[in-house]
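Enquirer: Here it is, the structure, as structure tokens.
The values are calculated or read from the model by the stated rules, or taken from the named source; none is laboratory data. The shown structure was predicted, so the numbers you read here are calculated from the model rather than taken from an experiment. No Cβ is skipped: glycine too gets one built from the backbone with ideal geometry, and neighbour counts run over all protein chains shown.
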Amino acid sequence: MQQRSLSCWSTMFATRMKKTKDGRAVVLFCDDRHRFCFYRDLEDTRGIAALCFAGKAVFGALIAAGTLGLMKVSVSVYLLERFLSFLK
Amino acid sequence: MYHEHPLRILRYSAKNIWLLLFPLLRGIQAFHFDPEGIYAWLRGAWFDILILGVIIMFGLVRWNFSRIDITEDSIVHREGVLLRVRTAIPISSISVAIAEYPLLLIPFRGVRFSCDTRAGLLKSIDMKLLVTRKVAAQLMKCVPEVDRKKKLADIPKADIWSVLLFSVFFSSGFSGAVYIAAFFFKGGDIAQDIITRSLSRLTETTSKLTFGVLQKIPATAIAVGIFFIAAWLLSFIVNLFRYSRFHVESDSKSLNIGCGVINRRVYKITSDHINFTDLRQNLIMKLCGAVTVNINCAGYGADSQHLPVLMPIKRERKLGRSLEPLGVVGGVKLDFRPSPAGIGSYIFWPVAAALAIFPLSDLLSEFFPRWAELSLFAAIMLEIPTVWLVAVKTTATFTSGVSIYDKKLVIRCSHWTAFHTVIADKENVVKVQIYQSFLQKPSRRCTLCVWLCGETVAKYRVRALRLRDAAKIVELLEHDVRHKNEKN
């Protein structure tokens, strides 16, 4: 059996990901001989950053609301307990 | 900077926007032209209208963010609102650029543009856009045009007979059935109603026929037969529309192909990106000396509906040397042929199947006597293609072979019922494999498999070659590799 190393089995295996200097990921599509053909990347990361910030803000707000709610409930329970003991 | 065609808004809006259109249409139908009617209609349909407006607004925003840039050396497409995905294809990498002019889009001056390179996942097209005619013209201009002065003048013309015969040979009942199924699944309730009604009418007619004329053939068999004939006819008509007005022009660097009546398609192909050519034949074509010239190039014939045709049907003798610049060589004598004594490796399985069909049918009838007639009919229907396959494989024994000359490799072989003559550059060979079955071992015969490069690897197999011939072929191909390595 004889096989050449020049060419890979499918172009699918020639597709690879690289990171640019500014940290962006670029998908490089190559042909079966690993020659570059075209690329696809996420051009603008500001959108993602905004989305992450919004996500974090919502998450933070939920945690804050939850904490506040929990505090309110525990205070109410404490006061109720005190009131009930006072009645006794 | 260009935008896509405004019709794209509908696509971007939502995949199932038509689901909302139906309640709206019903509302419009129920609407009466008087002030109170308008008020009542709005009161009833305000929520639908609001949702529709939001969906279209969303589509409009996405369309606005989909932008096409044609730079000096590449085509860049950006899409997405928050996540901006950029696809940049260098013009030098483009193998095929396609402009499709569907009849439905002609009033809107819409064109489907797509381009493909030798890379990408499997056979997918790398860039697909819906653009206006003006933008499509700009995009198509990027790809090198056929030079009118250097045009190859001797390329044979595809006349109406050539297209007609091609449509006859390459239509099948199965593909017709696939069209009907696609219509059934994609067409919604109306299409399902039409098909169901037609099928029930077909069953009624066939039961009448069975009762009156063809009493010995079961009604189901007649219905299946009529269905497949109708499906074949549909496939034939589709093919005829698809390949009519076939036109090829070429110079040494690029190739223009145009075809189709209802959906006119124009292809611009970079000649250097053609991996190999394949002269395809079936048994009838083989007996008549006719061939279909196909090319293997990324993007051309990538969708399952289109075949990568360069010349629909032509007599092999008439091809001459006119297509030589495109890698098509006619009348090549084979240096290495299969040994006629090895006919067994070609026809063993088809003959075994042909002999086994009727005993199996009898056995089935023994167990299920109620299905006896249908099983006999099925056996006859299966026997016909199997005998055909035996004839094809017998012919293949005497016509297959391999030839190597200059930088070209020619393989003549068969795959199922089709004959292939593959002409490729030696450097496009990815892998060569020789293997022997235990039956081939004593007679020193073998099977040679050759894999050729492309977006997906293509495999061609020649059986019953003498072992020393196969070793010689490998040596000749290997010699070329060594030579290449020395050069590098």
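Enquirer: So how many residues does segment B:109-143 have that are more than 25 Å from the chain's Cα centre (by Cα) and away from every other protein chain (no Cβ under 14 Å)? Talk me through it step by step, then tell me what you get.
Expert: The initial filter retains those residues of segment B:109-143 that are more than 25 Å from the chain's Cα centre (by Cα), namely B:109, B:132-135, B:137-138, B:141-142.
Checking which are away from every other protein chain (no Cβ under 14 Å) leaves us with B:109, B:132-135, B:137-138, B:141.
Count: 8.
Enquirer: Kindly check whether there is at least one residue in segment B:375-393 that is outside any helix (DSSP H, G or I), exposed (fewer than 15 other Cβ atoms within 10 Å of the Cβ) and over 27 Å from the mean Cα position of the chain (by Cα).
Expert: No, segment B:375-393 has no match at all.
Enquirer: Let me ask something else about it. Tell me which residues, restricted to segment B:66-84, are modelled with pLDDT under 90 and not charged (D, E, K, R).
Expert: Hits for segment B:66-84 are B:GLY80, B:VAL81, B:LEU82, B:LEU83.
Enquirer: To continue, here is another question. Out of the residues in segment B:44-81 that are closer than 17 Å to B:ALA14 by Cα and outside any helix (DSSP H, G or I), state the one that is farthest from the other protein chains (Cβ to nearest Cβ).
Expert: Looking at the filtered set, the residue picked out is B:SER66.
Enquirer: Quick check on segment B:49-105: of everything there that is among the aromatic types (Phe, Trp, Tyr) and surrounded by fewer than 17 Cβ atoms within 10 Å (Cβ to Cβ), which residue is farthest from B:VAL135 (Cα to Cα)?
Expert: By that ranking, first place goes to B:PHE58.
Enquirer: What pairs come up if the first residue lies in segment B:446-459 and is facing chain A (nearest Cβ under 10 Å) and β-branched (Val, Ile, Thr), the second is surrounded by fewer than 22 Cβ atoms within 10 Å (Cβ to Cβ) and not in a loop (DSSP other than H, G, I, E, B), and their beta carbons are under 6 Å apart, counting only those six or more places apart or on different chains?
Expert: Note: pairs meeting the criteria are B:VAL457/B:VAL430; B:VAL457/B:TRP451.
Enquirer: Which of the residues belonging to segment B:324-349 are in a helix (DSSP H, G or I) and aromatic (Phe, Trp, Tyr)?
Expert: Filtering segment B:324-349 down to residues in a helix (DSSP H, G or I) leaves B:324-326, B:340-349.
Listed by number, the residues that qualify are B:TYR346, B:PHE348, B:TRP349.
Enquirer: Can you tell which of A:CYS37, A:CYS52 is outside any loop (DSSP other than H, G, I, E, B) and within 9 Å of chain B (Cβ to nearest Cβ)?
Expert: Values: A:CYS52 fails: within 9 Å of chain B (Cβ to nearest Cβ).
Residue meeting the stated conditions: A:CYS37.
Enquirer: Another one. Show the residue pairs that are 6+ apart or on different chains and have beta-carbon atoms under 6 Å apart, the first residue being within segment B:132-151 and free of Cβ contacts under 8 Å to residues at least 60 places away in the same chain, the second being surrounded by 13 or more Cβ atoms within 10 Å (Cβ to Cβ) and not in a helix (DSSP H, G or I).
Expert: Within 6 Å, the pairs are B:ARG133/B:ARG109; B:ARG133/B:VAL111; B:ALA136/B:ALA99; B:ALA136/B:VAL111; B:ALA136/B:PHE113.
Enquirer: Restrict the check to segment B:107-125 and report whether at least one residue is more than 14 Å from B:LEU255 (Cα to Cα), exposed (fewer than 13 other Cβ atoms within 10 Å of the Cβ) and either among the β-branched types (Val, Ile, Thr) or at pLDDT 90 or above (or both).
Expert: For segment B:107-125, residues more than 14 Å from B:LEU255 (Cα to Cα), exposed (fewer than 13 other Cβ atoms within 10 Å of the Cβ) and either among the β-branched types (Val, Ile, Thr) or at pLDDT 90 or above (or both): present.
Enquirer: Right, another one. Looking at B:THR421, B:THR395 in this structure, which one is more than 11 Å from every other protein chain (Cβ to nearest Cβ) and touching a helix residue (DSSP H, G or I) at 6+ places or on another chain (Cβ under 8 Å)?
Expert: Just one listed residue meets the conditions, B:THR395.
Enquirer: Given the options B:LEU129, B:LEU83, name the one that is without any contact (Cβ under 8 Å) to a residue 60 or more places away in the chain and farther than 27 Å from B:ILE237 by Cβ. Write out each step before concluding.
Expert: Details: B:LEU129 fails: without any contact (Cβ under 8 Å) to a residue 60 or more places away in the chain.
After ruling out the rest, the residue left standing is B:LEU83.
Enquirer: Do we have any residue at all in segment B:99-108 that's within 14 Å of chain A (Cβ to nearest Cβ), within 29 Å of A:ARG33 (Cα to Cα), under 39 Å from the mean Cα position of the chain (by Cα) and not in a helix (DSSP H, G or I)?
Expert: no
Enquirer: It is to be established whether one or more residues within segment B:56-75 are within 28 Å of B:ASN296 (Cα to Cα) and of a type in the set (Val, Ile, Thr).
Expert: Within segment B:56-75 (the criterion being within 28 Å of B:ASN296 (Cα to Cα) and of a type in the set (Val, Ile, Thr)), the answer is yes, since at least one residue qualifies.
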